[in-house]
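Nothing in this text is a laboratory measurement; each read-out follows from the coordinates by a stated rule. What you see is a predicted model, and the numbers here were worked out from it, not measured in a lab. Quick reminder, even Gly has a Cβ in these numbers, built from the backbone with ideal geometry, and neighbours come from all protein chains shown.
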Amino acid sequence: MRPVHKNPGNSGYKLPLTFSFLGKCVKSVKKVLNMPAATNVPVPVCLNGWHRYAVGDKSLPGTKAEQSEAVKAIQDKVANSYKCAAVPLTQELGPFCSFCETPLPGLLEVEHCVPKSEYPMFSLAWNNFLLACSPCNTAKGNVPSRSAVRAWAQSPITSENEFYAEVRLRHYVWADIGGQSHSWLPVQLEAYDAQMRAWNAVPMNQAAHLDNTVISHDISKREVKARIFDPASNSHLPRIVRSQVARPAGSNAGRAIEMVKLCDLNENGTLTSTYDRRVLNRTLAWFRCLVSLKTHLLQKNPAVQNSTWDMLLQNAAAVGFYSTWLTIVRSHNPKLAMRFVADTAQPLYYPGTDITNLP
């Protein structure tokens, strides 16, 4: 997971101050929010009403039907507002999913890290937004629930800010917090052992061999076949492979596992649909990186080296999966990995990369 940083005072996203409601919902909005009019209603009042409804506050004014109508009207206003964050988010972070690292040439979804349905008070907060592909957004859904957060919290939660802190700072790994997501959510290549019916990590000296090549890929099975270097025979053998987000060693393993589960980062989705191809595409990106890197490293002429390096950077941005490229480049040449990090941290390639702890 590429670590990113956002400008906390981004001028491209303006938090609305008030909402004005029209149509048949006006009566319900006025009653439920206890306001004399449904125009220029302060946004905090609206979010508080939604919050009270979400947590089942029985003192909230109005009938259940009126509450439902008012909250639906508030949710529509909120959606129209937070979706405006898509452009500034893309400008700052580039058109990539902040979770699986898929490139997003089309629709980019504004993802609420702390889900808006459970925690409405943060539904318009810039610091609660990241970009997501549709499969990551769908997999994450409305998790974690308030009851789940209370269960894992080390002390009783008494405010919405404490809910936010538990989710964002203590339980998961987020791309925009801490700058450690790349090391806490590393990627690796795995090969299937048909005899043992198990997937095993391929050592990097084999997985990143520059002569590894794809034989075929099958979308219906989400299966990639490739020739992988085998040091025992000093040859390349056909293997079924996949790229996975690995479990790191150390104290952050639990947080990493929870993030992988949260977005199903290692799952293939429904095989009868083409909707979720994240693992397949991440696996193919592994071999596209090898092709680009081999082309560059074989060059002896400095001018040609510069040209192939530029091509590698362009391919990295087009193919996506930043962590895969950095992992492979670093395995061959740590100094070149430093150059990769520095050269891609710009609007043309991967804007917004937090390079503090890279490579």
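Specify which labelled value, from [x] 216; [y] 163; [z] 187, agrees with volume of the Cα convex hull per residue in Å³ derived from the coordinates of the model shown.
Working out volume of the Cα convex hull per residue in Å³ from the coordinates points to [y].
What's the center-to-center distance, using Cα atoms, between the stretch 201-261 and the stretch 63-98 in Å?
The two parts, judged by their Cα centres, are 38 Å apart.
Long-range amide H contacts for Val114: which residues qualify at under 5 Å (H placed 1.01 Å from N, peptide plane, sequence gap of 5 or more or a different chain)?
none
Can you compute 3J(HN,Hα) from phi for each residue in the stretch 341-347, using the Karplus curve 6.51 cos²θ - 1.76 cosθ + 1.60 with θ = phi - 60°, rounded to whole Hz and x for Gly and Pro?
4, 5, 6, 8, 7, 8, x
So for the chain, averaging the separation of alpha carbon pairs under 8 Å that are six or more residues apart and normalising by length, what relative contact order in percent results?
Value for the chain: 18 percent.
May I ask you to derive the relative contact order of the stretch 110-243, considering only C-alpha pairs under 8 Å and at least 6 residues apart, and to give it as an integer percent?
The value is 14 percent.
Between the stretch 282-325 and the stretch 109-132, what's the alpha-carbon centroid distance in Å?
Value for the Cα centre distance between the two parts: 35 Å.
Please turn the phi angles of the stretch 71-76 into ³J(HN,Hα) values with the Karplus equation 6.51 cos²θ - 1.76 cosθ + 1.60 (θ = phi - 60°), one per residue in order, whole Hz, x for glycine and proline.
3J(HN,Hα) across the stretch 71-76, in whole Hz: 5, 4, 5, 5, 4, 5.
Taking amide H positions as placed 1.01 Å from N in the peptide plane, with prolines and chain starts having none, which residues 5 or more places from Asp230, or on another chain, fall under 5 Å of its amide H?
HN-HN under 5 Å from Asp230: Ser235, His236, Leu237.
Excluding same-chain residues fewer than 8 positions from Lys31, which aspartates and glutamates have a Cα within less than 14 Å of its Cα?
Answer for Lys31, where 14 Å is the Cα cut-off: Glu66, Glu69, listed by chain and number.
In nm, give the distance between the simple-model label positions of Val87 and Trp152, each being 7 Å from the Cα along the Cα-to-Cβ direction.
3.6 nm
Give me the percent relative contact order of the stretch 18-171, please, defined on Cα pairs under 8 angstrom at least 6 residues apart.
About 18 percent, as a whole number.
Using the Karplus curve 6.51 cos²θ - 1.76 cosθ + 1.60 with θ = phi - 60°, work out ³J(HN,Hα) for each residue of the stretch 54-69 in order, rounded to whole Hz, and write x for Gly and Pro.
Calculated HN-Hα couplings, in order: 5, 8, x, 5, 6, 8, 5, x, x, 6, 4, 5, 5, 4, 4, 5 Hz.
Among the aspartates and glutamates, which have Cα under 19 Å from the Cα of Lys221 when same-chain residues fewer than 8 positions away are ignored?
Glu190, Asp193, Asp264, Glu267, Asp276
What are the residues whose amide H is under 5 Å from the amide H of Thr39, where those residues sit 5 or more places off or on another chain and H is modelled from the backbone?
Phe21
Cross-link partners among lysines for Lys83, C-alpha distance below 22 Å, same-chain residues fewer than 8 apart left out?
Straight-distance partners of Lys83: Lys6, Lys14, Lys72, Lys116, Lys140.
Work out how much length Leu22 to Asn40 would gain on full extension: take 0.36 nm times their residue separation and subtract the Cα-Cα distance, in nm to one decimal.
Difference between extended and current length: 5.4 nm.
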